[in-house]
Amino acid sequence: STISKNSLKSSLLKLECHFTWTLPKEDVDLDELEETIHDQIKYLIESNIQNYNLLSYVCHLKNSNEEALRNLQNAEEVVIKNHPDEIARRSLVTWGNYAWMYYHMERYEEAQIYVSKVENSHQNLSSTDDGKICLPEISAEKGWALLKFGKKYYEKAKECFENALQIDPNNPEFNAGYAITVYRLEDYSYRKCEDRSLSLRPLQRAVELDPKATFVMSLLALKLQDLGRDDEGEKYIEEAMKKAPCLPYVLRYAAKFYRRKRNVDKALKVLEKLLKITPNSSFVHHQLGLCYRTKLFHLKNGQRYTHEEQENENIQRSIFHFKAAIDRKTKFFSGHNDLAEMYALARRYEEAEETFQKASQINILSDDDQQEFCYRYGAYQYFHMKSESKAIEYYLKGIQIKTNSLYFFKCSKGLKKVLEQRIQRGLGDATVFGTLGLVHSLNDQKKEAVECYEKALELCPDNEEYLSALYELRLSI
């Protein structure tokens, strides 16, 4: 019997699974994501149903459909082994993925079988007449998948975990997912100078509900460190390392903890151990690069000249590891910037320029990223290439992206400094004063802004832009 492709498609679109959760392959580095999932399957055994489901979707995105089907089989085996009493409930996402897989492989009969399996299970599991069903496990699984597709999806992931927690507030796994998401969102938003303690309570609660969750324990340690509670944090790090001495996720955060505590040698020791366990991890290489960079800056602040050899060695090692990190994770934005800055310190300017350009062309940059790029590239132009005009161009671009964020302040401070230096050297033309006026007005310094625009207009009397800026400022004072 032939199944109408159109009616099948409309049933498929109603399924809750990776194919309907809008996870586009442009937003991730598929090879790197695949490797991350393999690592998690190896080390975080408890979430393997979700990992196999997501891995199957990644295989499909990489056009290896047979392997995708094998991973769905793996997911089914884990369900049978771990949840023999809840097979339907635990398999809905897997079955949805099966239906889509067979649809893409043009095996419509088999696709229909899985659509029916999901629909029948909904009827059996549902308490409402229309067979609508809201399972917290499915919301959580969607949350984990969104989390892996990058920071663009963190807000959506948080909503998914919130939905799951509304139905089952004491579930340790949902609490862990929620805490990790809030931590990541905060880690990202702290750059906008916001409150940094929002994730503290969710992390503490997740650890209370599951004292074996060493991964979450390590994040709690870092959060306490953020809040200046180092000693408390260190207790958690040591407990996590005792409970899971070979778990990559614990070791990587322990290394980060010690590096930020300025105990670089201890951090390096942990990272060297970790590199043996996960030799391909871009995270580990990036952290190694940061450690050597930290060593370099400590040297620089000491007595300079005796250290030249060590200084070069730290630069070379840092370059080696940053490069390894971005080779393994091609859309790694801060990794690219860190490498470019190191090339600049090594006076390898062509490579620095090329790496900065690659950073700016990554296709998933948020406004915050763009603004960070403008600051770091502007600083590179100013300090290394001695190009004031290029520095002005990028700092200016940076402050126009958004205000009240960390990199707005950095761009704005950099720009003010360059413009004021020009004025001191007697190079203050209309453009310099006009630009300085804009900086002041974006920083809400209206009186200073008015003075600058007046100066600009003395030098260039009929400039429309300065006239209208001045007019608006005077209205608002």
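The values are calculated or read from the model by the stated rules, or taken from the named source; none is laboratory data. Being a predicted model, the structure only gives us computed values, none of them experimental. Glycine gets a Cβ as well: all are built from the backbone with ideal geometry, and neighbour counts include every protein chain shown. Only protein heavy atoms, including side chains, enter the accessible area calculation; ligands, DNA and RNA are left aside. Shrake-Rupley method; radii C 1.70, N 1.55, O 1.52, S 1.80 Å.
Of the residues making up the range 226-255, those that are of a type in the set (A, V, I, L, M, F, W, C) and in a helix (DSSP H, G or I) number 7. May I ask you to verify whether Glu67 is in a helix (DSSP H, G or I), surrounded by fewer than 18 Cβ atoms within 10 Å (Cβ to Cβ) and within 30 Å of the chain's Cα centre (by Cα)? For Glu67, the condition - in a helix (DSSP H, G or I), surrounded by fewer than 18 Cβ atoms within 10 Å (Cβ to Cβ) and within 30 Å of the chain's Cα centre (by Cα) - is met. In the range 255-265 there is no residue that is closer than 20 Å to Asp29 by Cβ and open to solvent by less than 20 Å² (accessible area, probe 1.4 Å). Go through the residues of the range 80-90 one by one and say whether even a single one is assigned to a helix (DSSP H, G or I), open to solvent by less than 30 Å² (accessible area, probe 1.4 Å) and either within 21 Å of Thr278 (Cβ to Cβ) or in contact (Cβ under 8 Å) with a residue 12 or more places away in the chain (or both). Checked against the condition, which is being assigned to a helix (DSSP H, G or I), open to solvent by less than 30 Å² (accessible area, probe 1.4 Å) and either within 21 Å of Thr278 (Cβ to Cβ) or in contact (Cβ under 8 Å) with a residue 12 or more places away in the chain (or both), the range 80-90 yields no hits at all.
Residues that are in contact with a helix residue (DSSP H, G or I) (Cβ under 7 Å, 6 or more places away or on another chain) and of a type in the set (Asp, Glu) within the range 64-85 comprise Glu67, Glu76, listed in sequence order.
For every residue, the table says whether it meets (1) among the acidic types (Asp, Glu); (2) closer than 19 Å to Thr355 by Cα; (3) surrounded by fewer than 20 Cβ atoms within 10 Å (Cβ to Cβ).
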site: Tyr380; (1), (2), (3): no, yes, no
site: Met385; (1), (2), (3): no, yes, yes
site: Gln400; (1), (2), (3): no, no, yes
site: Ser405; (1), (2), (3): no, no, no
site: Arg425; (1), (2), (3): no, no, yes
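Looking across the range 41-64 at every residue that is of a type outside the set (Asp, Glu), in a helix (DSSP H, G or I) and open to solvent by 70 Å² or more (accessible area, probe 1.4 Å), the one that is modelled with the lowest pLDDT is identified as Ile45.
Among the candidates Val418, Val432, the residue that is open to solvent by less than 20 Å² (accessible area, probe 1.4 Å) and touching a Lys or Arg at 6+ places or on another chain (Cβ under 7 Å) is uniquely Val432. Taking the listed residues Glu159, Glu141, the one that is part of a helix (DSSP H, G or I), surrounded by fewer than 21 Cβ atoms within 10 Å (Cβ to Cβ) and at pLDDT 95 or above is Glu159, with no other qualifying.
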